[in-house]
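The block underneath contains the structure these notes are about, expressed in structure tokens.
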Amino acid sequence: MEHSNVRLTQLGKHELQLVSKQLVKGKLLEHFKDEIVNLQEGDLRSPMTVQIGKREITIQVKSKRQDFWPKVKGITGNNVFIVFVDYAGKQNSEEADFYIVNPKDFRVVMEMRISELRKKNKRARIDETNTLIFEDRNRVGTNVSVDHLISFKNDWGKLNQGAHTV
């Protein structure tokens with residue numbers, strides 16, 4: 001899906017998020033065209049709800065133009081996913097990169113972040129929602145980079161695996 005009519009550098013944060021949700025919607029329709037029963041985009045800040053066959057899933061969409069996604073908080077549940085949309089270094093005619101994670105994947109990413117932080121003598125822990133909590137500051141959530149997500153690139157099939165039926 002090309003977005004050549006949109007100048008990504010000129011979009012504000014909210015507009016970029018709306019474009020990202022539309023791109024994710026397009027990818028869902030591309031990969032699950034004959035299986036999608038219902039797709040609700042939600043408003044700007046709310047997740048998407050998608051019914052693929054008899055499986056209902058929730059998708060948070062997070063977009064970025066810089067080197068990392070800031071202050072990302074965790075996810076839990078069997079039918080919950082984050083789709084990270086990456087526009088960094090992309091020209092207007094280039095497609096964004098997509099990284100799809102479930103809570104188990106996100107836990108692995110948070111464990112990688114804990115390891116990185118310990119090397120810098122920073123203390124943090126992962127709570128029951130897979131959110132990184134900094135113990136020396138009153139900060140919740142952490143930066144996530146493409147390096148943390150590279151093994152989840154374009155893993156759209158994951159959305160149709162292991163979901164509970166409605």
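Restricting the search to the range 26-59, which residues are among the polar types (S, T, N, Q), assigned to a strand (DSSP E or B) and open to solvent by less than 50 Å² (accessible area, probe 1.4 Å)?
Those that are among the polar types (S, T, N, Q), assigned to a strand (DSSP E or B) and open to solvent by less than 50 Å² (accessible area, probe 1.4 Å): THR49, GLN51, THR58.
Among (1) modelled with pLDDT of 90 or more; (2) out of contact with any helix residue (DSSP H, G or I) (no Cβ under 7 Å at 6 or more places or on another chain); (3) acidic (Asp, Glu), where does GLU135 come up short?
(1)
For the range 143-155, indicate whether the set of residues that are assigned to a loop (DSSP other than H, G, I, E, B), modelled with pLDDT of 95 or more and of a type in the set (D, E, K, R) is non-empty.
Yes, the range 143-155 has at least one match.
Closer than 30 Å to GLY53 by Cα and without any contact (Cβ under 8 Å) to a residue 40 or more places away in the chain - does that describe any residue in the range 108-130?
Yes, some residue in the range 108-130 is closer than 30 Å to GLY53 by Cα and without any contact (Cβ under 8 Å) to a residue 40 or more places away in the chain.
Does at least one position in the range 152-163 carry a residue that is without any contact (Cβ under 8 Å) to a residue 12 or more places away in the chain and surrounded by 12 or more Cβ atoms within 10 Å (Cβ to Cβ)?
No: zero hits.
Condition check: closer than 22 Å to TYR87 by Cα and either outside any helix (DSSP H, G or I) or of a type in the set (Ser, Thr, Tyr) (or both). Does ASN130 satisfy that?
Values: closer than 22 Å to TYR87 by Cα: no; either outside any helix (DSSP H, G or I) or of a type in the set (Ser, Thr, Tyr) (or both): yes.
In short, no.
Sort out which residues of the range 95-112 are of a type in the set (A, V, I, L, M, F, W, C) and surrounded by fewer than 18 Cβ atoms within 10 Å (Cβ to Cβ), and write them in order of number.
VAL108, MET112
The values are calculated or read from the model by the stated rules, or taken from the named source; none is laboratory data. For clarity, every value in this text was computed on a predicted model and none was experimentally measured. Note that each Cβ is placed from the backbone with ideal geometry, even for glycine, and that neighbours are counted across all protein chains shown. Areas reflect the complete protein model, heavy atoms only, side chains present, ligands, DNA and RNA absent. Shrake-Rupley method; radii C 1.70, N 1.55, O 1.52, S 1.80 Å.
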